[in-house]
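The values are calculated or read from the model by the stated rules, or taken from the named source; none is laboratory data. For clarity, every value in this text was computed on a predicted model and none was experimentally measured. Neighbour counts are summed over all protein chains in view; Cβ atoms, including those assigned to glycine, are modelled from backbone coordinates with ideal geometry.
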Amino acid sequence: MNRRIRDRLMTADEAVKWVRPGKRVVASGFLHQPSRVLRALQALVDDGQLPPEPLTPFRNSFPRRSFTRKGPDVAILHAAAIFSDGFVPALAVEESPWLAANAHEIILEWNVNWPSSLIGVHDIYADTVVDDAHIVPLCQPADRIGTPYIPLDWTKVVGVVKVDDDLSFVSPIEESANESRMANHLHEFLLSELRKGLLPIDMPPIHAACTGETGAILRALTQSGQQRIALFTDIIDEVALDLLQSESLSVASGSTLAVTQATAGDLSRTLKQSENRLILRPRQTITAPDVLRRLGIISINTAQEVDLYGRAHLQSDRWDSANTGQDFARQSRLSIVLLPPAPPEAGVSRVVPRVAQADLSEREVDVIVSEHGIADLRGISAAKRAERIISGWAREPQQPDLAAMVFANRRK
């Protein structure tokens, strides 16, 4: 064992003593968290030694720029392996590289149960510059532009907590029963775009938000003849992993790998089979505007509802995919929104006069796909958009009222 690691080994209870009242504490990950240290931290809160909320969840909604001038005081990071100059961040990279570079003090929780085949899966481009004008030199989804580990300044590491806890996995996402017709419509549309020359012969990389509908669509697309698709997304789920092993996907590049218990037993073998075709990167790299525009991705999101002019309220899941879905859609070559049917017992329509929350504006939605067909909203007026959406998907009892609203708005 490296001397730097050995000198800093301690228990979780000893490590959390570095967290004092008033310090800003940030933990990495949301699927694979440093759970042992977090439990010890919660014990201090329960005993009244720390304020009720000493921990800041670091996710998409958290403003990274609030730490631009002064990084977090303490970062608690999860590690699958530790080297003399860095560590491997298990299956979730997320914002860990930025935290490791900018935190004043670092506590590492090292779970030795992660398979050694994880080493080499990551591509960490250590971009510590908080500047949207910074260029990330990634030109293809399979390119590697960084290191297989997160660089680490050992002078900031105050403790290493070595654990052998059971690995945490996610429950499977239930696939929609309506994916077959939606997949057929989408596949026919993409083939039509290829024939018209509006898409390159080699299908551009696809971003698919991690929901039941998009997972099923991705499976159906690869099975229906569109082989060797490249996936460039935030969260790689079990569907994508299966397609990667069957070589229906040429490469899957993301920030997090969401593995279920069913796959956990063969995780080591799965990682070896997907060697060089499964790449985990920091979220800063995955969602960089210049990278998404350069790759010319096709973004596929799932909407909870759309309004008369094509604005979409995205379907959020337990992994908060709506937030990153906006990043991909806004920089995509083609922004596609899936609109699954509402449950019959709900008695409501997915088409509403105005969405409660416009995650994507009408300028950020190109095509809407439902079980009834395709609505291509590119290059048409707002009134034409409304007519196309109402005639295609609004429930019949609602159509006259919605059409009257459109007519009234046109007269104003």
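Within the stretch 361-376, track down each residue that is part of a loop (DSSP other than H, G, I, E, B) and within 19 Å of I217 (Cβ to Cβ).
Passing the criteria: V365, D366, E371, H372.
Can you pull out the residues in the stretch 145-180 that are modelled with pLDDT under 85 and either aromatic (F, W, Y) or buried (at least 16 other Cβ atoms within 10 Å of the Cβ) (or both)?
Answer for the stretch 145-180, where residues must be modelled with pLDDT under 85 and either aromatic (F, W, Y) or buried (at least 16 other Cβ atoms within 10 Å of the Cβ) (or both): L167, S168, F169, V170, P172, I173, E175, S176, N178, E179.
Considering S246, S321, which residue is modelled with pLDDT under 85, surrounded by fewer than 21 Cβ atoms within 10 Å (Cβ to Cβ) and either at negative phi or not assigned by TED's automatic domain parsing to the domain that holds A101 (or both)?
Just one listed residue meets the conditions, S246.
What residue, of V112, V37, is at pLDDT 90 or above, buried (at least 16 other Cβ atoms within 10 Å of the Cβ), closer than 30 Å to T270 by Cβ and touching a strand residue (DSSP E or B) at 6+ places or on another chain (Cβ under 8 Å)?
Of the residues listed, the single one that is at pLDDT 90 or above, buried (at least 16 other Cβ atoms within 10 Å of the Cβ), closer than 30 Å to T270 by Cβ and touching a strand residue (DSSP E or B) at 6+ places or on another chain (Cβ under 8 Å) is V37.
Scan the stretch 185-202 and report the pairs whose first residue is at positive phi and in a helix (DSSP H, G or I) and whose second residue is modelled with pLDDT under 90 and of a type in the set (D, E), with Cβ atoms within less than 9 Å and a gap of 6+ or a chain change.
none
Are there any helices (runs of 4 or more DSSP H) wholly within the stretch 229-316 with 3 or more residues that are touching a Lys or Arg at 6+ places or on another chain (Cβ under 7 Å) and either of a type outside the set (G, A, S) or closer than 30 Å to A342 by Cα (or both), and if so which?
Because the criterion is at least 3 residues that are touching a Lys or Arg at 6+ places or on another chain (Cβ under 7 Å) and either of a type outside the set (G, A, S) or closer than 30 Å to A342 by Cα (or both), the helices (runs of 4 or more DSSP H) in the stretch 229-316 that meet it are 238-245.
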